[in-house]
Structure formats: structure tokens, C-alpha cells
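Quick notes on the structure that follows.
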Amino acid sequence: MTKPIVALVGRPNVGKSTLFNRLAGEPVAIVDDVPGTTRDRIFADAEWLEHPFEIIDTGGIDPASTSQSLEPLSIGSAEYVDQIREQALLAIQEADVVLFITDATVGVTPPDVEVANILRRHQRDVGGIPTPPVLLVVNKADSQRSREQAAQFYELGIGEPFPISALHGTGIGDLLDEILARFPEEGEAEDDDSVKIAIVGKPNVGKSSLLNRLVGEERTIVSPTAGTTRDAIDTKLVFEGIPVTLIDTAGIRRRGKVIPGVEKFSVLRSMRAIERADVSLLVLDASDSLSAQDAHIAGYIIEAWKSIVVIVNKWDAIEKDNYTMNQFKEYIAKELNFVDYVPILFISAKTGRNVEDVMPMALRVQEERLARLNTGQVNRTIQRAQDAHPAPAHAGRALRMYYGTQVRSDPPTFMIYVNDPKLAHFSYYRYLENQIRKDYGFIGTPIRIVMKPRR
């Protein structure tokens, strides 16, 4: 069951990032008095009364983005209105609850009215699909007088204002109670034992073309225009008797290339697809250099403890010799900080070259993800690793590993009982992981090692 999503929308400098940090329980978003500080995608996990959910900070639309002055442009500016509209509509599409943030110290402003108009017009069923509820949050209500003045925001026509102080935490508990009350009811999860494979990457790297090749028919729109795929699309198929769900996602665009807010929802779609998947196919463009965004996406997959296969698409467009493929593998490993366990396939979705290798590799990685070692196998590997390279002593004490066992798969997780977990350096965790991979593979799959003190 995917977690509900709460989106924060509003004009710049109303305290969205401060509220975001308050809900997340940690300073995830950068907070500054300069309007428009939030430029990158920002999302985090939150929890209230044992109900987990996700929050996303859209970043305020900066009306001065086309001007050197910080004075806001006229609300009639077509570009400004379009940006507000796109941000608000994306919030409606993606979120389960929308928090419309305003500023009690400033009062109702023309940009507030414009956002309210957009949200109010869409507070109804669209195509039979109910739109998310919108809660009007009046931030910076730090005094009794400002809380009383919050009543003026009734004129926005959104509903009852909720005066809060994100900075001091006033009213946050009541707001969270109201958010939980608006979440959709959880239905019973459908039984689905298919292998879920997400196709992720930047726009225009050929994700939809790859999906169509894998499926064998035109199931999604393929276009040379970046960002054609706007939503995650599930495609069911059976490959060699194994049920598979392919999840095609919207492209993740580079920072600074799109309107603040729009990018965040695009990333959120792909993040949700990664969380749902067992294996993620990270599609790269062989004709384009790797970017920080490619590394971000790879990091999302690894941080979610999901298995990964790197797909280098458009390999037909590259001039090659006998060394090109190995050089490209070294380049990918260096730029994306990958280790040897990640398999890399070179294909052309356009011509179909090597596409037949994608599904067998993805299913092999999934099989490795579910592999389970018995306790004897684990302990033999641990003993050999400790004999070959004992952990360095710290303050006169050495790490002693007594025994270990695999406590779960999906992903493979190993519990090792030691004298003191604090004596194990990060590099020794990596060493043990490499020894496990040397003996048993686990190709394309992250390994989790937990050290626990023996009682």
C-alpha cells in the first residue's frame, strides 16, 4: 500500500519550507528569508499517530524570475499565471491532501487569490475521480491577534483557515489531525505476485521505446519530445511463464530546466514507481554525457534498497571499437559511484539490438534478490573474511564477530552478532559485503548488513 501524499503549495516566502521541516521532523528543506529559496525537488517521509505519509514541498512560484528586481510582476502576467496553474494542477493530480499555505502577517494577496481560484475550480470530481481536499493554512500566526486576523482568509473561498506557526509549532497538532482525517480510506491490497520492474531515467532517454519493445506493441506514446510520459503506467505481461508488471514512469528532468514545483512531482512519480518495484531499469542515453540527475536517480534506487540494472540505450548512435564498451562501463561506475555488482546492458530500443537480454537479466536479478543462504554458508564466509582481514582495533579493542545468519531476503539482510557494533567501520561493512558477493553473487541487488551485540 503506497503512503498518502501531502503537497504544500503557495506563493514564495509564506513558510512552506519551514512547515515542511516541521512535518518531516528534521531540517530537510533549506529555509531562508529570500523568496524562492526552494529550487530543487524536496520530499520526505512523515508520521503522525502511527500513520506514515509523504510530504512534498513544491517551492514557491517566483514572480520575479524573469526580472532582476524582486518586485512581483503583475498578476496578469501570462507566464506567472501559467506557472501557478501548472503547479496547483500537479498538486491536485498527485496528492491525497493539498495544503494551501498563506501568510498571516501579509494578509490576502493577489497571488493567493489566483492560487485559490485554481484550487477551488478543481475541488470537484474530474472524470469520476475525486480530487484531493484542500486545507487552507495561515502560517506565521505567532500571536493571538494574528490568529484572530486569520478570519480574513475566508474570502478565498477555500474553507476554514487553520492558523499555525510553523516556526514555533503552534497549531501543528490540530493541523495534522485534520490531515489524517482527510486521507482516503485504505482498501484491501490486491494479491499481485508478479515481478514488478520499473523503467526510470531522465526524459528522452528512450524509456517508452524500451517498454514498447519489451511488450511487443505500442502500449505507450513514443515521442522525441522530453516529458511525454506524465504518469506511471503499469503494463502486465507474462515472460517465459513468469507474470511481470512493467512500470513506465515520467522522465526526471535536470534541475534548473523546469518550473519549480513541476519537477518535484515528476520526481515523486518516479520515486513511487521505484518504491513499488522489485527491480529498477535505470535507462541512460549513450549519446549524452552522464549528469548529476542520473546519479540522483541511481541514489534513489539504492537508498530504497531496490535491485538495479543499468540500461545504456541508443548504443547504435555511438562510434565504437573493441574497447568502447569497457571504457563506458568504467565511466558509468565512476560517475554513478557504482560497484561491480550492478549489471550494465548496452541496447538500442530503436533497432531492437540486445533488447532480448533485458528481461532475462531483470528476472535473474530478482531471483538473486530472493536468494537465501543457510547459516553455515554465512558463517563460513564471515570466518574466511575475518581470517583474511581482521577488523582494525579501535582504542585498543578489536571487533570480534561470533556468528551470523541471513534474517530475510528482498533485499538480502544479514545479522552478525559481535562484541561491539561501534568497532565496525563503514569500510569493514563494505569489505564483508564484497566477500559475500564473491562467494554467492547477489548480482544487481543491494545487501544489508546489521551488526548486533551478543548478549
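The values are calculated or read from the model by the stated rules, or taken from the named source; none is laboratory data. All of these numbers come straight from a predicted model, not from anything done at the bench. Cβ sites come from the backbone with ideal geometry, for glycine too, and all protein chains shown count toward neighbours. When the accessible area is computed, the model is the full protein with side chains, heavy atoms only, and any ligands, DNA or RNA have been set aside. Shrake-Rupley method; radii C 1.70, N 1.55, O 1.52, S 1.80 Å.
Neighbours of SER348, meaning other residues whose beta-carbon lies under 11 angstrom from its beta-carbon, give a summed charge of +3 when Lys and Arg score +1 and Asp and Glu score -1. If you model region 131-202 as an ellipsoid using its alpha carbon gyration tensor, with each semi-axis the square root of five times an eigenvalue, the axes come out at 37, 15, 13 Å, biggest first. Calculated on the alpha-carbon coordinates, the convex hull of region 383-455 measures out at 87 cubic angstrom per residue.
Note on region 294-370: Cα convex hull, mean projected area over all directions, 5.6 nm². For the peptides 412-419, 141-148, 96-103, the ranking by mean Cβ contacts within 10 Å, running from highest to lowest, is 96-103, 412-419, 141-148. Charge dipole (Cα centre; +1 on Lys/Arg Cβ, -1 on Asp/Glu Cβ; no other charges) of region 319-424 amounts to roughly 420 debye.
Note on region 259-413: Cα Rg divided by 2.2 N^0.38 Å, N the number of residues, gives 1.30.
Ignoring lysines fewer than eight residues from LYS16 along the same chain, the ones with Cα atoms less than 29 angstrom from its Cα are LYS3, LYS140, LYS202, LYS257, LYS264. When region 285-352 is described by a simple charge dipole with +1 on each Lys and Arg Cβ and -1 on each Asp and Glu Cβ, the residue from ALA292, ILE308, LEU336 located farthest towards its positive end is ILE308. Ratio of Rg to Rh for region 328-384: 1.14 [Cα atoms; Kirkwood radius as inverse mean 1/r over pairs]. Working note: Cα atoms of region 334-440, range along each principal axis, descending, whole Å: 61, 32, 20. Considering only protein heavy atoms and a probe of 1.4 Å, how much of the accessible area of region 336-453 is carbon and sulfur, as a whole percent? Heavy-atom surface of region 336-453 belonging to carbon and sulfur, 1.4 Å probe: 50 percent. Volume of the convex hull of region 353-405 (Cα atoms only), normalised per residue: 135 Å³.
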